[in-house]
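Asks: Can you keep this structure in mind? I'll have questions shortly.
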Amino acid sequence: MKQLISITLTAGLLVGFTTSGTTQRDSKYPNSNSLSAGKGSFTKQAEKFLTNEDIWYSSDFAPEYVSGVRSMSDGEHFTTLERGETGMEINKYAYKSYKKVATIVKSGDLLGADEKPISIEDYHFNSLEDQILIATNITPIYRHSSKAYYYIYDIKSKQLTPLSSMEGSQQSLATFSPDGSKVGFIRDNNIWIKNLDSGKEYAITFDGKYNHIINGTTDWVYEEEFAFIEGFHWSPKSDKVAYYKINESNVKEFQMAMYGELYPDQYRFKYPKAGEENSLVSIHIYDLASKKTRICDVGQETDQYIPRIKWTQDNNKLCILRMNRLQNKLDFLITTYSDGEESVPLPHQVMYTETDKRYVEITDNLNFLADNSFLWTSEQDGYNHIYQISMNGTAQQVTSGKWDVIALKGIDERSGTIYFTSAEESPTQRHVYSIKLNGKSKTKLSSKKGQNDADFSSSFKYYINYHSDANTPYYITMHQNSGKEIKVLKDNQKLKDALGEYSLGRKEFFKFKTSEGVQLNGWWIKPPNYVAGKKYPVFMTVYGGPGANTVNDSWGGYNFLWHQLIAQQGYVVVSVDGRGTGHRGAEFKKCTYQQLGKYETIDQIEAAIWLGKQSFVDKTRIGIQGWSYGGYMSSLCLTKGADFFKMAIAVAPVTNWRYYDTIYTERYMRTPQENADGYDDNSPINHVDKMRGSYLLVHGSADDNVHYQNTMEMINAMVKANKQFDLFIYPDKNHGIYGGTTRLHLFTKMTDFIKANL
């Protein structure tokens with residue numbers, strides 16, 4: 001259910017939460033009604049009002065950003081893919097000056113077999129940075145996966161060569177070996193290797209078959225819930241390839257009708273629903289010299305997960321993360337490669353084990369050091385912190401305190417310095433820190449209140465800081481690793497000036513305690529023409545899924561603007577993070593275990609009750625909207641909370657966890673066989689008889705994530721209970737419901753529904 005690299009895997013449903021590609025956000029100014037401060041300020045005296053066309057079908061509010069930064073090996077320069085006069089080009093910049101020092105290659109200079117320029121859509125350097133893998137004609141598959149046509153460009157000779165000699169065949173995950181002599185890639189569910197010296201191209205697996213056997217990449221549920229697709233890895237010395245083999249033959253198929261043809265086609269793919277059979281996953285190592293493939297012993301249990309593999313800095317030692325199906329035990333296995341009979345599995349040693357009474361989070365915060373100890377983040381003391389773990393399993397805690405580390409940004413082993421982001425100051429805040437491996441000299445590097453993230457150079461000498469707050473778009477700066485600012489890269493003054501012409505309210509934080517004594521964080525936006533003493537209807541927006549927050553002191557992009565549009569129509573727009581959300585420690589996040597929807601719904605109802613007691617709120621007119629997990633929440637609020645909500649909008653909602661996938665659902669709920677009541681007690685399908693308010697149900701018919709089936713079952717339940725509702729289906733649209741005028745249509749429909757029913 002989704003965010004950036006090193007995310008905690010809290011939710012495959014997050015694409016619905018990030019409805020515009022940016023998350024819904026909040027504010028840091030609790031006592032002001034103007035969205036102001038200086039040149040280009042947003043003030044309530046402005047007269048212009050937003051339209052959905054402005055937000056969803058124009059580029060008027062597109063922020064400037066620094067994206068696609070890839071540090072070069074010298075740590076002094078980076079490259080990025082930019083649009084030039086004749087097409088896309090790979091440009092080289094100096095970190096210190098942020099000035100372009102070279103154009104490495106332009107699309108216009110790259111001619112394919114038809115003598116027409118190819119478009120550069122993605123690229124990767126080899127280790128010597130004298131050759132580039134260029135991807136063109138990228139075709140998306142699911143959320144992360146895609147296939148493309150790859151070319152190899154030699155910078156010195158300026159020669160462009162197709163990666164594969166097989167015409168008309170796209171490849172996936174093309175990757176240089178560490179020594180740059182070979183490229184590995186996936187084609188037709190098999191792993192292929194191209195020897196760049198000889199030009200020979202050969203397969204190392206042969207049993208790949210669609211909907212049966214996958215080599216070197218992942219199935220749908222691993223891609224979505226463990227958030228990775230790269231299922232093969234070169235050893236440090238380029239002489240071995242470790243890879244996943246996923247046998248999904250016994251996983252049941254899900255099918256979706258695609259309506260773009262005269263006779264609608266049925267798209268079929270393997271999707272394991274909660275309690276059903278998963279793929280069988282095995283790990284193999286192929287040795288290029290002997291051409292032998294040896295399977296790794298991962299234990300006798302087959303109903304388990306392998307959420308990560310990673311080579312240590314020892315060329316023969318592979319780390320395999322093994323997790324039980326309950327996801328409350330994670331073993332770090334070390335497999336040492338040796339020559340031997342292919343039929344004999346390579347043995348492993350259990351280096352380290354982590355357990356949790358509920359579940360263990362999987363992240364990309366795994367870094368092996370030169371001594372083969374590794375850094376890992378864990379919630380074992382109740383908060384997410386950094387640990388250094390040795391090969392003998394001894395764990396040394398590096399960070400500590402009643403706050404959560406968000407992500408490891410890197411480790412500079414030369415100075416023994418770790419860089420990370422955390423929510424130490426508040427669940428709504430993010431800051432960048434450094435700390436020594438021994439846990440001393442923790443230093444806050446970011447200075448601006450709000451949310452900060454950092455992208456470090458390979459040398460850790462420089463980093464780019466991405467800052468925003470609830471009412472301020474991205475302010476992007478270059479820094480030394482001490483935190484000292486070198487240069488402002490993007491200040492988004494043009495966007496601030498554009499927004500300054502509109503009548504906007506300021507996003508403001510608030511806190512309140514529920515009747516159970518639980519303190520919750522929220523934000524609201526009051527109408528820009530707010531009049532004291534007047535009572536306003538309230539429009540609440542919710543996500544609410546495990547570990548995922550909407551109350552963040554960061555720029556909310558197009559969602560923020562749509563909430564401003566609703567506020568301009570005379571509504572108070574509100575979001576509240578209930579129990580189960582993140583960055584307040586493991587207990588707050590994991591208290592929803594085995595009963596998703598229970599406490600989250602209680603807290604949204606408590607928020608509605610508390611809001612109804614405010615002098616400016618009309619408690620008879622409170623509505624709520626959510627997407628994905630948020631649609632599940634809004635549906636529960638209108639059913640279980642029918643006394644407090646007049647209206648709800650549910651976009652792509654889960655309506656019964658029995659219909660969602662194994663990994664996500666069972667992480668929080670166990671299986672339906674073990675926890676039937678947990679699945680049924682908080683399914684909105686089982687509470688429609690309580691519904692009294694207006695309900696808009698929206699879904700994309702080609703949603704591979706939260707299946708359209710959820711909406712169909714909700715419809716059946718409401719028809720059986722004789723409940724009237726509004727329904728809109730977007731044909732052939734997936735979980736994100738986008739493309740062309742689709743978002744404009746959707747948000748116009750939701751705006752009109754709010755105005756008509758709240």
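Asks: Name the single residue that is farthest from Phe206 (Cα to Cα) among those in region 272-293 being in a strand (DSSP E or B) and not hydroxyl-bearing (Ser, Thr, Tyr).
Replies: Restricting to residues being in a strand (DSSP E or B) and not hydroxyl-bearing (Ser, Thr, Tyr), the top hit is Lys273.
Asks: Still on this structure, I have one more. So which residues in region 168-219 are among the hydroxyl-bearing types (Ser, Thr, Tyr), open to solvent by 40 Å² or more (accessible area, probe 1.4 Å) and more than 23 Å from His144 (Cβ to Cβ)?
Replies: Scanning region 168-219 gives Ser198, Tyr202.
Asks: Same structure again: Considering each of Ile476, Ile486 in turn, give the residue that is open to solvent by 10 Å² or more (accessible area, probe 1.4 Å) and assigned to a strand (DSSP E or B). Full working, then the answer.
Replies: Working: Ile476 fails: open to solvent by 10 Å² or more (accessible area, probe 1.4 Å).
Ile486 is the lone residue from the list that is open to solvent by 10 Å² or more (accessible area, probe 1.4 Å) and assigned to a strand (DSSP E or B).
Asks: Just checking, does region 29-48 include any residue being at pLDDT 90 or above and either surrounded by 15 or more Cβ atoms within 10 Å (Cβ to Cβ) or among the hydroxyl-bearing types (Ser, Thr, Tyr) (or both)?
Replies: The answer is no, given that none of the residues of region 29-48 is at pLDDT 90 or above and either surrounded by 15 or more Cβ atoms within 10 Å (Cβ to Cβ) or among the hydroxyl-bearing types (Ser, Thr, Tyr) (or both).
Asks: I'm told Gly21 meets every condition in (1) of a type outside the set (D, E, K, R); (2) out of contact with any strand residue (DSSP E or B) (no Cβ under 9 Å at 6 or more places or on another chain); (3) modelled with pLDDT of 50 or more except one. Can you identify the failing condition by its number?
Replies: (3)
Asks: When you check Thr514 against the structure, is it surrounded by fewer than 20 Cβ atoms within 10 Å (Cβ to Cβ) and within 19 Å of Met633 (Cα to Cα), yes or no?
Replies: When the stated conditions are applied, Thr514 passes them.
Asks: A follow-up question, please. Could you please find all residues in region 596-609 being open to solvent by less than 10 Å² (accessible area, probe 1.4 Å) and either assigned to a strand (DSSP E or B) or among the charged types (D, E, K, R) (or both)?
Replies: Passing the criteria: Glu600, Asp603.
Asks: Right, another one. Could you give me the residue pairs with C-beta distances under 6 Å whose first residue belongs to region 692-708 and is buried (at least 20 other Cβ atoms within 10 Å of the Cβ), whose second residue is outside any loop (DSSP other than H, G, I, E, B) and among the charged types (D, E, K, R) wherever it lies, and which are 6+ apart or on separate chains?
Replies: From residues that are buried (at least 20 other Cβ atoms within 10 Å of the Cβ), the pairs are Leu696/Asp726.
Asks: Tell me yes or no: at least one residue of region 418-437 is assigned to a loop (DSSP other than H, G, I, E, B) and more than 30 Å from Phe509 (Cα to Cα). Write out each step before concluding.
Replies: First, the residues of region 418-437 that are assigned to a loop (DSSP other than H, G, I, E, B): 423-429, 437.
Still in the list and also more than 30 Å from Phe509 (Cα to Cα): 437.
Yes, region 418-437 contains a residue that is assigned to a loop (DSSP other than H, G, I, E, B) and more than 30 Å from Phe509 (Cα to Cα).
Asks: Could you tell me which residue of region 553-583 is farthest from Ile649 (Cα to Cα), considering only residues that are assigned to a loop (DSSP other than H, G, I, E, B) and open to solvent by 10 Å² or more (accessible area, probe 1.4 Å)?
Replies: The residue in question is His583.
Asks: Then there is this: For region 610-722, which strands (runs of 3 or more DSSP E) that fit wholly inside it have 2 or more residues that are of a type in the set (A, V, I, L, M, F, W, C) and in contact with a Leu (Cβ under 6 Å, 6 or more places away or on another chain)?
Replies: Fully inside region 610-722 and qualifying: 647-651.
Asks: Filter region 362-397 down to the residues that are among the aliphatic types (A, V, I, L, M) and not in a loop (DSSP other than H, G, I, E, B) and list them by number.
Replies: We begin by selecting, within region 362-397, every residue among the aliphatic types (A, V, I, L, M); these are 362, 366, 369-370, 375, 386, 389, 391, 395.
Within region 362-397, Leu375, Ile386, Ile389, Ala395 meet the criteria.
Asks: I've got another one for you. Give region 442-473 a look and list any residue that's in a loop (DSSP other than H, G, I, E, B), within 17 Å of Lys409 (Cα to Cα) and open to solvent by 40 Å² or more (accessible area, probe 1.4 Å), or say none.
Replies: Of everything in region 442-473, those that are in a loop (DSSP other than H, G, I, E, B), within 17 Å of Lys409 (Cα to Cα) and open to solvent by 40 Å² or more (accessible area, probe 1.4 Å) turn out to be Lys442, Ser458, Lys461.
Asks: Could you tell me whether any residue of region 272-289 is over 30 Å from Asp732 (Cα atoms), touching a Ser or Thr at 6+ places or on another chain (Cβ under 7 Å) and surrounded by fewer than 19 Cβ atoms within 10 Å (Cβ to Cβ)?
Replies: Yes, region 272-289 contains at least one residue that is over 30 Å from Asp732 (Cα atoms), touching a Ser or Thr at 6+ places or on another chain (Cβ under 7 Å) and surrounded by fewer than 19 Cβ atoms within 10 Å (Cβ to Cβ).
Asks: Another one. Among Asp381, Asp371, Asp356, which is modelled with pLDDT under 95 and open to solvent by 20 Å² or more (accessible area, probe 1.4 Å)?
Replies: Values: Asp381 fails: modelled with pLDDT under 95; Asp356 fails: modelled with pLDDT under 95.
Unique residue meeting the criteria: Asp371.
Asks: To continue, here is another question. Looking only at region 123-157, which residues are touching a strand residue (DSSP E or B) at 6+ places or on another chain (Cβ under 8 Å), in a loop (DSSP other than H, G, I, E, B), open to solvent by 40 Å² or more (accessible area, probe 1.4 Å) and not aliphatic (A, V, I, L, M)? Can you show your working first?
Replies: Of the residues in region 123-157, the ones touching a strand residue (DSSP E or B) at 6+ places or on another chain (Cβ under 8 Å) are 123-127, 130-141, 145-155.
With in a loop (DSSP other than H, G, I, E, B) added as a condition, the list becomes 126-127, 130, 141, 145, 155.
Remaining after also requiring open to solvent by 40 Å² or more (accessible area, probe 1.4 Å): 127, 130, 141, 155.
Of everything in region 123-157, those that are touching a strand residue (DSSP E or B) at 6+ places or on another chain (Cβ under 8 Å), in a loop (DSSP other than H, G, I, E, B), open to solvent by 40 Å² or more (accessible area, probe 1.4 Å) and not aliphatic (A, V, I, L, M) turn out to be Ser127, Asp130.
Asks: Across region 396-434, which residue is nearest to Trp523 (Cα to Cα) among those that are charged (D, E, K, R) and open to solvent by less than 30 Å² (accessible area, probe 1.4 Å)?
Replies: It comes out as Arg430.
Asks: Just for region 307-345: of the residues that are under 17 Å from Ser282 (Cβ atoms), in contact with a Ser or Thr (Cβ under 7 Å, 6 or more places away or on another chain) and not β-branched (Val, Ile, Thr), which one is most open to solvent (accessible area, probe 1.4 Å)?
Replies: In this case the residue turns out to be Glu342.
Asks: Sticking with this structure for a sec: Look at Asp704 and say whether it is under 29 Å from the mean Cα position of the chain (by Cα), acidic (Asp, Glu) and closer than 23 Å to Ala274 by Cα. Lay out the reasoning, then the answer.
Replies: Working: under 29 Å from the mean Cα position of the chain (by Cα): yes; acidic (Asp, Glu): yes; closer than 23 Å to Ala274 by Cα: yes.
Answer is yes for this residue.
Asks: Continuing with this model, one more query. Could you tell me whether region 72-85 includes any residue that is out of contact with any strand residue (DSSP E or B) (no Cβ under 7 Å at 6 or more places or on another chain), open to solvent by 20 Å² or more (accessible area, probe 1.4 Å) and outside any loop (DSSP other than H, G, I, E, B)?
Replies: Looking through region 72-85, at least one residue is out of contact with any strand residue (DSSP E or B) (no Cβ under 7 Å at 6 or more places or on another chain), open to solvent by 20 Å² or more (accessible area, probe 1.4 Å) and outside any loop (DSSP other than H, G, I, E, B).
Asks: OK, next. Output the number of the condition that Lys494 fails; it satisfies all remaining conditions of (1) over 29 Å from Gly410 (Cα atoms); (2) modelled with pLDDT of 95 or more; (3) outside any helix (DSSP H, G or I).
Replies: (3) is the only condition that Lys494 fails.
Asks: Of the residues that make up region 653-669, is at least one touching a strand residue (DSSP E or B) at 6+ places or on another chain (Cβ under 9 Å) and open to solvent by 20 Å² or more (accessible area, probe 1.4 Å)?
Replies: yes
Asks: Further, regarding this structure: Take Val719 and tell me if it is among the β-branched types (Val, Ile, Thr), at pLDDT 95 or above and open to solvent by less than 10 Å² (accessible area, probe 1.4 Å).
Replies: No; evaluated as a whole, the condition is false for this residue.
Asks: Under 8 Å between Cβ atoms, which residue pairs at least 6 apart in sequence (or on different chains) link something in region 405-428 that is closer than 13 Å to Gln451 by Cα with a partner that is open to solvent by 30 Å² or more (accessible area, probe 1.4 Å) and of a type in the set (Phe, Trp, Tyr)?
Replies: So the pair list comes out as Thr428/Phe509.
The values are calculated or read from the model by the stated rules, or taken from the named source; none is laboratory data. Since this is a predicted model, take the numbers as computed values, not measurements. In this analysis, Cβ positions are derived from the backbone assuming ideal geometry, glycine residues included, and neighbour counts consider all displayed protein chains. Note: accessible area is taken over every heavy atom of the protein model, side chains too, but ligands, DNA and RNA are not part of it. Shrake-Rupley method; radii C 1.70, N 1.55, O 1.52, S 1.80 Å.
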